[in-house]
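Colleague: Got a structure here, written out as structure tokens. Questions coming.
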Amino acid sequence: MDFFVGIKGKDFVMVCSDTSASHSIINIKQDEDKIVPIDDHKVFCIAGEAGDRVNFSEYIIANVKLYALRNDTELNTKSVANYTRGELATALRSSPYHCNLMLAGYDKETGPALYWLDYLATLNKVNTGGTGYGSYFTLSLFDKMWHPELTVDEAVAMIDAGIAEVKKRLVVAPPHYMIKVIDKDGVRVLKTV
């Protein structure tokens, strides 16, 4: 039932996730932040079973920070994406993590980047992406509206249109959403819907 989307703009990446935590047909809470910071300029949007989601994201974040401490340099977004994919692939053979995720980041050298990964360790660099039932309605809309010179205001309008479509057409639509932007200034919450 998790839902998140991401959009890469000209000089930023914007991500949106629902804030619902549920198990089966039970709604546990409505204020969970599923957009997890990795460092000052990178985040995971992560969906799946609560235990796998938390354990896997904490494991990756701890190892990325350990690498930065040992080598006195931070990994760029592409390196974190490939490391994450490798860990998903390794776990797939023994005790798989049942979570899908997006990695959004901004690097000084290469600019914004958005990667989509699934529980089978598939990795794709994308301009727009998403996971969950809500993405069935938003991805086609984003394909139509996206262009390489996208501004923050245009991306917010795209996400607002996507949320409106999900709320209108999806029977089990989550009621609340959080939008974050990642750019040269870091990660910040843009708004909650």
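Colleague: Go through the residues of segment 46-60 one by one and say whether even a single one is without any contact (Cβ under 8 Å) to a residue 60 or more places away in the chain, part of a strand (DSSP E or B) and crowded, with 18+ Cβ neighbours inside 10 Å.
Modeller: yes
Colleague: Return yes when Lys78 is closer than 25 Å to Glu165 by Cβ and either open to solvent by 10 Å² or more (accessible area, probe 1.4 Å) or free of Cβ contacts under 8 Å to residues at least 24 places away in the same chain (or both) and no when it is not.
Modeller: Taking the combined requirement at face value, the residue does not satisfy it.
This table checks each residue for (1) open to solvent by less than 70 Å² (accessible area, probe 1.4 Å); (2) among the hydrophobic types (A, V, I, L, M, F, W, C).
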| site | (1), (2) |
| --- | --- |
| Thr84 | yes, no |
| Arg93 | no, no |
| Pro96 | yes, no |
| Ala113 | yes, yes |
| Glu149 | no, no |
| Ile182 | yes, yes |
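Colleague: When you scan segment 64-75, do you find a residue that is within 15 Å of the chain's Cα centre (by Cα), closer than 23 Å to Lys125 by Cα and outside any strand (DSSP E or B), even just one?
Modeller: No; the residues of segment 64-75 include none that is within 15 Å of the chain's Cα centre (by Cα), closer than 23 Å to Lys125 by Cα and outside any strand (DSSP E or B).
Colleague: Now a separate question. Looking for something over 29 Å from Lys144 (Cα atoms), in contact (Cβ under 8 Å) with a residue 12 or more places away in the chain and touching a strand residue (DSSP E or B) at 6+ places or on another chain (Cβ under 7 Å) - is there at least one such residue anywhere in segment 106-120?
Modeller: no
The values are calculated or read from the model by the stated rules, or taken from the named source; none is laboratory data. Here the structure is a predicted model, which is why all the values come from computation and not from measurement. In this analysis, Cβ positions are derived from the backbone assuming ideal geometry, glycine residues included, and neighbour counts consider all displayed protein chains. For accessibility, only protein heavy atoms count, side chains too; no ligands or nucleic acids. Shrake-Rupley method; radii C 1.70, N 1.55, O 1.52, S 1.80 Å.
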